[in-house]
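Asker: After the structure tokens below, expect a handful of questions from me.
What follows is calculated from the coordinates using simple rules that are stated; it is not laboratory data. What you see is a predicted model, and the numbers here were worked out from it, not measured in a lab. Every residue, glycine among them, receives a Cβ derived from its backbone with ideal geometry; neighbour counts consider all protein chains shown.
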Amino acid sequence: MRTRRIIEPFRIKVVEPIRMTTPVERALHLREAGYNVFNLRAEDVLIDLLTDSGTGAMSADQWAAIMRGDESYAGSRSWYRFEEVVRGIFGFTHVIPTHQGRAAERILFSTVCKRGDVVPNNTHFDTTRANIEATGAEALDLPVPEGLIPSEPHPFKGNMDVAALRALIGRVGAGRIPLCMLTVTNNTGGGQPVSMENIRAVAGVCHEHGIPFYLDACRFAENAYFIKVREDGWGDASVREIAREMFALADGCTMSAKKDGLANIGGFLATNDDALAQQEENLLILTEGFPTYGGLAGRDLEAIAVGLEEVLHEDYLTYRIEVARYLGEHLTAHGIPIMQPPGGHAVYVDAAAFLPHLRPLELPGQALVAELYLEGGVRAVEIGTVMFGHRDTATGEEIPAKMELVRLAIPRRVYTKSHVDYLVDVLADVFARRATIGAFRFVEQAPVLRHFSARFEPAYAMAASA
Ligand code: F0G
């Protein structure tokens, strides 16, 4: 029998219209937005790939569960259901519900970090880094070298460089490392998975030195699926078993249920440390809410409880990973340079290779994001110098990011294959006229997380005004 193509494992019950705009409208909208697609109105976007976070479609079972939501302030039935599901999959003794991932990060890091500390990760996500830095600690990225070469097709480019972790501990001492994290999958590093072997090795080094080891678990199911299909010895294990093994190696985790919770909002913090949990719950009450709801309504807890079970269905994960693979393969066929292999939740275009005539400080990722919107109403996000570059405090010099990527993040269960084919067409059309695409520069920027609110202008405007 022929291998059958992989299809969406659902049929569609509710539809949400999307609207095409004209090129002239888009040019106007983009200019009004200061060339920052975060400032666009979503209704002016045709295909929204800004993020896979909170943008997924819920299932009939999730909507049904929402009606069962118990909105009691304390001890609601929905809380116990949520706690049971989280404990069942993640295995930690304390589960602390938060309104989203970064609230879990803020509570965790403000409890354990202090000035002078260092927190290593394969690659910190922007909110993770910002929450660590807000405590005066340093957020350090230790990806494996392959993780920084977009064209290198390594199966586990999300891995941490274990030798670099050992060297760090040797240099600063375990006492200055309040915890070590691994982000699964490594979002900022291209949505690339971390192998079980690497998780075990990193956990081993941490535990040898008494350093707590945490997972940033946002896309844990996608990571577990990659372990199943790519790592020797795991092919016969279920994704749930693999996830249990990943978390069994850790002392705690942070989670954004907006990703692999298949929910539109929510998150949690988990730990096996009783004393730490107590401190975290005290902070939770101060800023999020009572420990049996955190920042969430009872109905959200229900939607997440169902979503966390559904995300482990292997037909769902097969389809999910196939979408990124299919998109990646078709872009590659047009010669478009992408981070290889495609990640779990997104395809990352290598903007530096796409626009080789632009230097990093000419913001090639930002230029490409603008062109994708102008060409086809597609909203992507820059993950390069705009997001991760910074100004050297001593010299005032702009330091570019290590890579210039543009992320095409794929919302869960939202777009069909013909939407993906349309994306390929849009990217191919932009690629065909790439030599004509010019540089951008900042007009305004905030001191932290500047990519959200910055305003830009095409560099020709700079030349004209100079
Ligand atoms: N950690 C990772 C790896 C993430 O990707 C995100 C969010 C967070 C933490 C924070 O979670 O948004 O619920 O507060 N990533 C989104 C993205 C925003 O677009 O990749 P949050």
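Asker: What are the equivalent ellipsoid semi-axes of the chain, built from the alpha-carbon gyration tensor (square roots of five times its eigenvalues), in whole angstrom, biggest first?
Answerer: Value: 33, 27, 23 Å, ordered largest first.
Asker: Find how many whole Å separate the alpha carbon centroid of region 94-144 from the alpha carbon centroid of region 11-88.
Answerer: 25 Å
Asker: Of the peptides 285-296, 235-246, how do they stack up when ordered by the mean number of other Cβ atoms within 10 Å, highest first?
Answerer: 285-296, 235-246
Asker: Rounded to whole Hz and in sequence order, give me ³J(HN,Hα) for region 21-35 from the Karplus expression 6.51 cos²θ - 1.76 cosθ + 1.60, θ = phi - 60°, writing x for Gly and Pro.
Answerer: Here the 3J(HN,Hα) series is 10, 8, x, 5, 4, 5, 4, 5, 4, 5, 5, 4, 7, x, 6 Hz.
Asker: Now for a different question. Tell me what the chain gives for mean residue ellipticity at 222 nm when only DSSP H runs of n ≥ 4 count, each as -39,500 (n - 2.57), the sum divided by the residue total, rounded to 500 deg cm²/dmol.
Answerer: Rounded to the nearest 500, it is -12000 deg cm²/dmol.
Asker: I need the peptides 218-231, 415-428 ranked by packing, meaning the mean over residues of other C-beta atoms within 10 angstrom, with the highest value on top.
Answerer: The packing order, highest mean first, is 218-231, 415-428.
Asker: Sticking with this one: Using the charge dipole of the chain (Lys, Arg: +1 at Cβ; Asp, Glu: -1 at Cβ; taken about the Cα centre), state which of Gly328, Val118, Val144 has its Cα farthest towards the positive end.
Answerer: Gly328
Asker: Further, regarding this structure: Only Lys, Arg, Asp and Glu count, each charged at its Cβ (+1, +1, -1, -1), so figure out the dipole size of the chain about its Cα centre, rounded to 20 debye.
Answerer: 480 debye
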